[in-house]
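> Submitted below is the structure of interest, expressed as structure tokens.
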Ligand SMILES: Nc1ncnc2c1ncn2[C@@H]1O[C@H](COP(=O)(O)OP(=O)(O)OP(=O)(O)O)[C@@H](O)[C@H]1O
Ligand SMILES: [Mg+2]
């Protein structure tokens, strides 16, 4: 039963896709069978791994709307241990189509067990938002990896992300862990990068990966050749950084891997059910349209839980209200 790691940060351009592709490829290079799942309508992961638009018969879109089972959307890559479920621009519509579904935050987690058992790791590339697609990913995931760009305003918006994680834990996926915070695009020549690294470590402590991904032009070139850096230029700093990240994640997950490295022999659907008790029932039994949502005071949002008759998606939508956005502060509790 593979470990599902969602790569999430609603901030754009922080290195989510680069991390998803290169982490997945590095795990696969270490012979851990890995599924790279692209759930971003931008489909950067899909093209970055070498798939042409419309090359695939099915994408995550068809999986989410229930048209095909996940297994049928899986595509093999030139790496023997790496498979992909591609995305497609029509995924933009999925969020709207999903909004009327019962338990709409749990569609992915219901679709995944069928294929999860085939893999040691499932790496999900999330879009730059805290919408339904990211919520589905966080609900289906065992852990979330948060890339943070070593730049000005690195911590901006992270309070919102952590609040979302907290809400998901309370209502949808109590076992969701933080896999780690990853510093990306680190420029060794810049004092600023070091300052940001210090700041991030001050807030997140040992949740920050020891591995730091440096700014490396090979990492930005590789996707246009449809390759992970390890295949494009294995000796590049970028490829090495992501191999180091994979090793660090493997070390951190030794226990999990030992107990789950079964390649699907065990009955795993029960295991997933256990990890995901009917937590969604309460809030999903009466899903409301976003337009119907009642304004709730900031105080209530801070109280974490959405009101009883309110969907989790709405609660997060409200918590994401820019006015409610708190600067990165002491409540970065993980
Ligand atoms: N370590 C790095 N060194 C150099 N360039 C990088 C590095 N990481 C990412 N990039 C480049 O930065 C840009 C943004 O990275 P990426 O697409 O991975 O971010 P993202 O968080 O997935 O963006 P979005 O939020 O739009 O999905 C891309 O052009 C990518 O090639
Ligand atoms: Mg991306």
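> Whether any residue in region 99-112 is touching a residue at least 12 places away in the same chain (Cβ under 8 Å), within 16 Å of ligand 1 (Cβ to nearest atom), buried (at least 23 other Cβ atoms within 10 Å of the Cβ) and in a loop (DSSP other than H, G, I, E, B) is what I want to check.
Checking region 99-112: not a single residue is touching a residue at least 12 places away in the same chain (Cβ under 8 Å), within 16 Å of ligand 1 (Cβ to nearest atom), buried (at least 23 other Cβ atoms within 10 Å of the Cβ) and in a loop (DSSP other than H, G, I, E, B).
> Determine, yes or no, whether residue 71 is modelled with pLDDT of 95 or more, surrounded by fewer than 19 Cβ atoms within 10 Å (Cβ to Cβ) and more than 15 Å from ligand 2 (Cβ to nearest atom).
yes
> Which pairs turn up if I take residues in region 252-267 that are within 10 Å of residue 3 (Cα to Cα) and look for partners that are at pLDDT 85 or above and in a loop (DSSP other than H, G, I, E, B) with beta carbon separation below 7 Å, at least 6 apart in sequence or on another chain?
257/120; 261/120
> Among the residues of region 7-40, write down those that are in a loop (DSSP other than H, G, I, E, B), touching a helix residue (DSSP H, G or I) at 6+ places or on another chain (Cβ under 9 Å) and more than 10 Å from ligand 1 (Cβ to nearest atom).
Once the filter is applied, which keeps residues that are in a loop (DSSP other than H, G, I, E, B), touching a helix residue (DSSP H, G or I) at 6+ places or on another chain (Cβ under 9 Å) and more than 10 Å from ligand 1 (Cβ to nearest atom), region 7-40 yields 30, 32, 33, 39.
Conditions tested, residue by residue: (1) crowded, with 22+ Cβ neighbours inside 10 Å; (2) assigned to a loop (DSSP other than H, G, I, E, B); (3) more than 15 Å from ligand 1 (Cβ to nearest atom).
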residue	(1), (2), (3)
78	no, yes, yes
90	no, no, yes
93	no, no, yes
118	no, yes, yes
130	yes, yes, no
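> Now for a separate question. If only one of 30, 34, 46, 76 is within 13 Å of ligand 2 (Cβ to nearest atom) and either over 20 Å from residue 220 (Cα atoms) or touching a residue at least 24 places away in the same chain (Cβ under 8 Å) (or both), which one is it?
Of the residues listed, the single one that is within 13 Å of ligand 2 (Cβ to nearest atom) and either over 20 Å from residue 220 (Cα atoms) or touching a residue at least 24 places away in the same chain (Cβ under 8 Å) (or both) is 46.
> Among (1) in contact with a strand residue (DSSP E or B) (Cβ under 8 Å, 6 or more places away or on another chain); (2) without any contact (Cβ under 8 Å) to a residue 60 or more places away in the chain; (3) crowded, with 22+ Cβ neighbours inside 10 Å, where does residue 126 come up short?
In the conditions (1) in contact with a strand residue (DSSP E or B) (Cβ under 8 Å, 6 or more places away or on another chain); (2) without any contact (Cβ under 8 Å) to a residue 60 or more places away in the chain; (3) crowded, with 22+ Cβ neighbours inside 10 Å, residue 126 misses (2) alone.
The values are calculated or read from the model by the stated rules, or taken from the named source; none is laboratory data. Treat the numbers as computed from the prediction; the structure is a model and nothing was measured. All Cβ positions, glycine included, derive from the backbone under ideal geometry; neighbour counts span all protein chains shown.
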